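Structure first, commentary second.
The values are calculated or read from the model by the stated rules, or taken from the named source; none is laboratory data. None of these values were measured; they are calculated from a predicted model. Please note: Cβ atoms are built from the backbone with ideal geometry, for glycine as well, and neighbour counts cover all protein chains shown.
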Amino acid sequence: MSYQILDISEVDVDSLKQELGAVVDRIRGQAEDGKDCGTVEVTAGPSCQDLSSSKEADEKIAGAAKSRLDLVFEDPEFGKVRARVSTRNGSIWFVKAVPEAVIDRVFDVFCRVKGI
Amino acid sequence: MRVSQEFINLLNLPLGRLRDMAEELDVSIPAGARKWDVVKELSKLSTSKLAPHASEWIYAGQTSVTYVRFGDGTPLDEAEVVRTLTDMCDGINPLDEDVRPDVLTRKPSLIDATKADGRLFLSFGVKKPVAEVLADFEVETVEGDAFFVAVLRLDKAIMEIRTNHQRAERFATTWIAEFDDLLFGDEDEEGDTE
């Protein structure tokens, strides 16, 4: 087999965020075995600009793998875009309809991040 | 009667964009019309009329993407790719001719292919269960057609599968596995003998 589904790690998501100029406004954490809570999800409150720099969010999902993060960014042509990145599946879901140019831009950034 | 490929492509557009298109193209749409009704009216127009208004949306929209890379990322040769696709379509070049099968199954089938900007836009059809109903007092599963797009970016040897991840994984282990085997099969065999 010479093909592979490309994974998206937490580090990749952080780089995607930086390159897209995005903020994180929702994080789903998947706790490891043995914990009482399996899934922990946090969303940004009205006064929070970016959950990725929130100490409170870090504390709430401490010890859990970030399995899904919403990156919200402005596309100069199209406007606000919400991309739900799954580190578990290695997929990016455009939550609201976007044109081809936005998917292209995210693909270009993804390639830079992965060094391909 | 079978619907046109334009009809299928237009279903991928958000309703707001379809309404805007109808207005731009002077197509009269009753207030409160469903997406289905708007698509029916718009699909009566020629592809050349629709293209300038829809090209940015036809293969995009609200979608999930999963990336699959072939080999080590060496650019794919377009002629070889087209030859492989043609082999998979019983000798019919999907870029030139209609390759729709008579029936869709749970395994994705290539139904249309177009080329633009160094990429191949491959449309696939698949049968999916949409509801369970009672028919003559027995439970029956109703199946419908579902469609998705995979964009083959030749320069990066990456296929961008635009559908939910579950279907993308199934697609990878079925159609892509076959495509990969046909495209690189000889190279793998050579490697095995060394």
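Observations on the model:
- Any chance A:V98 is without any contact (Cβ under 8 Å) to a residue 24 or more places away in the chain, crowded, with 19+ Cβ neighbours inside 10 Å and over 15 Å from the mean Cα position of the chain (by Cα): yes
- All conditions but one from (1) at pLDDT 95 or above; (2) within 26 Å of B:Q166 (Cβ to Cβ); (3) touching an Asp or Glu at 6+ places or on another chain (Cβ under 9 Å) apply to B:G71; the one that does not is (1).
- B:S64 fulfils the conditions (1) at positive phi; (2) at pLDDT 90 or above; (3) not β-branched (V, I, T) except for a single criterion, (1).
- Residue in the range B:162-173 that is more than 11 Å from chain A (Cβ to nearest Cβ) and touching a strand residue (DSSP E or B) at 6+ places or on another chain (Cβ under 6 Å) present: no
- In the range B:65-76 there is no residue that is away from chain A (no Cβ under 14 Å) and surrounded by 17 or more Cβ atoms within 10 Å (Cβ to Cβ).
- One residue from B:S4, B:S64, B:S55, B:S28 being over 20 Å from the mean Cα position of the chain (by Cα) and either within 30 Å of A:R112 (Cα to Cα) or small (G, A, S) (or both): B:S28
- Every pair of residues 6+ apart whose Cβ atoms lie under 8 Å, when the first sits in the range A:101-114 and is more than 10 Å from chain B (Cβ to nearest Cβ) and under 16 Å from B:W57 (Cα atoms) while the second is of a type in the set (D, E) and not in a helix (DSSP H, G or I): A:R105/A:D75
- Residues that are in contact with a strand residue (DSSP E or B) (Cβ under 9 Å, 6 or more places away or on another chain) and without any contact (Cβ under 8 Å) to a residue 60 or more places away in the chain were ranked within the range B:86-95; the one that is farthest from the other protein chains (Cβ to nearest Cβ) is B:N93.
- Residue match in the range B:66-89 (condition: within 18 Å of A:A97 (Cα to Cα) and in contact with a Ser or Thr (Cβ under 8 Å, 6 or more places away or on another chain)): yes
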